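All remarks here apply to the structure that follows.
The values are calculated or read from the model by the stated rules, or taken from the named source; none is laboratory data. It should be emphasised that the depicted structure is a prediction, and the values quoted were computed from it without experimental measurement. Using ideal geometry, Cβ is built from the backbone for each residue, glycine included, and neighbour counts are taken over all protein chains shown. Ligands, DNA and RNA are excluded from the accessible area calculation, which covers all protein heavy atoms including side chains. Shrake-Rupley method; radii C 1.70, N 1.55, O 1.52, S 1.80 Å.
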Amino acid sequence: MKKQTKAIRIQAERSQNREHSVPLYLTSSFTFEDAEQGRAIFADEIEGNIYSRYMNPNVDEFVEKMCMLENTEDGIAFATGMAANFAAMAGLLKSGDHVVASKALFGSCIQILSKILPKWGITTTFVDGHDLHAWEAAIQDNTKFLFCESPSNPGLDLIDLEAICQLKAKHNLILAVDNCFATPVIQTPADWGADLVIHSATKYIDGQGRVLGGVICGRESLINEIRFFSRHTGPSMSPFNAWVLSKSLETIHLRIEKHSDNAFKLAQALEKNPALNAVKYPFLTSHPQFELAKKQMRMGGAILTIDIKGGFEMVNEVSKHIQIASISPNLGDTRTIITHPASTTHSKLSPEQRAEVGITDGLVRIAVGLEAIEDLIEDFEQALEKATLLLPKEEEEETAVAE
Ligand SMILES: *Cc1c(COP(=O)(O)O)cnc(C)c1O
């Protein structure tokens, strides 16, 4: 069966009620027929549900679908994407271990690697993600873990997944890829050899801006190590959120195709806009890694960035004129969202750190939704035009005088 079919048809075993849609197992624990059954389940002699911090039918269904989509053996669901990212590191690393990570990461991942893990003696070297030599040069005797995000948030820089997988194999390291921006519909890093694929399910997996969630899919032996950490520290996904997210996976293929189609059309429409310094989108030929994008991504994804001339002042002006798109720090919704990373999601980074990953004061991230593309193009064009009316007035007056 195709993945589209499986994403719809995988479901928790039907109950005696013969329901069509999967029930919500909102229960903290499960019962045993007798003390012997409880003993045997705890002793791993027979399979069975115990307690929802450990397992739950809704959560297990969601994880099974995610592993199917990501082509991995096993997986674990978490309360949030950050809980998943942290558990991957905390579950597998110990004091004295070293990580090499790309600089262009989600803001909170940078905080974990640079401020939290060093408290327990785990250190990180950050490198330019696209520079394979820099990755290799940063590997030390105690390096255990490579971590990257492709495309990156918000810079849309790509990592060559085939090359980084060859590097991790050569040095016998664990590679974790945050696949949040691409989703398994666009790329499946495990196919290249990634050991762990991590998601904020809050984004395109929910796709409708309702619930938080996270998931790690990957090699069974590593997942088991992380499972020990997560079962005993408790960052579990709520059954309700799993139920919502598993339903959302029924439409993920349709949604991502439409998101990508809309984003590509908006990027093309804005590419020549005089109010912008740049438009960045993986499937525009002007993207510096266009060839790589074509090689490893099935579609361009839902996110593009624009760099508005005139910095924050003009960004603010444009934001006042935007009528359809929402101004919010989230992404991955049916509703188009604009975000100004320098003053919000990446405001905790120093100006130098922001510059290194291409976050200028004029950069706006557009998470393109599922509205009619004509309406979106018109909305952005009118907002940019109205905002720029403010700018060149003086010049215009001067020319008028000269004429
Ligand atoms: C949002 C996001 C996260 C964090 O996920 P939460 O669900 O908000 O905890 C991690 N990585 C990327 C790339 C993200 O966009």
Just checking, which of 288, 282 is open to solvent by 10 Å² or more (accessible area, probe 1.4 Å) and not assigned by TED's automatic domain parsing to the domain that holds residue 27?
288
Is it the case, given these coordinates, that residue 122 is more than 16 Å from the ligand (Cβ to nearest atom) and of a type in the set (Val, Ile, Thr)?
yes
Is there a residue being of a type in the set (S, T, N, Q), surrounded by 18 or more Cβ atoms within 10 Å (Cβ to Cβ) and modelled with pLDDT under 95 anywhere in region 95-104?
no
Do we have any residue at all in region 304-325 that's buried (at least 16 other Cβ atoms within 10 Å of the Cβ), within 16 Å of the ligand (Cβ to nearest atom) and touching a residue at least 60 places away in the same chain (Cβ under 8 Å)?
yes
If you go through region 43-63 one residue at a time, do you hit one that is more than 18 Å from residue 232 (Cα to Cα), within 16 Å of the ligand (Cβ to nearest atom), modelled with pLDDT under 95 and touching a helix residue (DSSP H, G or I) at 6+ places or on another chain (Cβ under 8 Å)?
no
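Kindly evaluate residue 120 against the criterion of being assigned by TED's automatic domain parsing to the domain that holds residue 226, over 19 Å from the mean Cα position of the chain (by Cα) and open to solvent by less than 10 Å² (accessible area, probe 1.4 Å).
So residue 120 does not fit the description; no.
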Only one of these conditions is not met by residue 163: (1) in contact with a helix residue (DSSP H, G or I) (Cβ under 8 Å, 6 or more places away or on another chain); (2) surrounded by fewer than 23 Cβ atoms within 10 Å (Cβ to Cβ); (3) closer than 29 Å to residue 348 by Cα. Which number is it?
(3)
Selection over region 5-20 where residues are without any contact (Cβ under 8 Å) to a residue 40 or more places away in the chain and open to solvent by less than 100 Å² (accessible area, probe 1.4 Å) yields a count of 3
Is it the case that region 157-172 has a residue that's in contact with a Lys or Arg (Cβ under 7 Å, 6 or more places away or on another chain) and of a type in the set (A, V, I, L, M, F, W, C)?
no
Among 345, 336, which is at pLDDT 95 or above and crowded, with 16+ Cβ neighbours inside 10 Å?
336
Scope region 210-242; condition within 12 Å of the ligand (Cβ to nearest atom), open to solvent by less than 40 Å² (accessible area, probe 1.4 Å) and assigned to a loop (DSSP other than H, G, I, E, B); matching residues:
211, 213, 235, 237
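Listed here are the residues, each with its yes/no results for (1) outside the structural domain of residue 90 (by TED's automatic domain parsing); (2) basic (Lys, Arg); (3) at pLDDT below 95.
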site: 144; (1), (2), (3): no, yes, no
site: 155; (1), (2), (3): no, no, yes
site: 159; (1), (2), (3): no, no, no
site: 176; (1), (2), (3): no, no, no
site: 191; (1), (2), (3): no, no, no
site: 198; (1), (2), (3): no, no, no
site: 214; (1), (2), (3): no, no, no
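Take the residues in region 196-209 that are open to solvent by 10 Å² or more (accessible area, probe 1.4 Å) and farther than 14 Å from residue 84 by Cα, then tell me which one is farthest from the ligand (Cβ to nearest atom).
Looking at residues that are open to solvent by 10 Å² or more (accessible area, probe 1.4 Å) and farther than 14 Å from residue 84 by Cα, I get 208.
Can you name the residue in region 167-195 that is in a strand (DSSP E or B) and within 23 Å of residue 294 (Cα to Cα) and, of all such residues, is farthest from the ligand (Cβ to nearest atom)?
175
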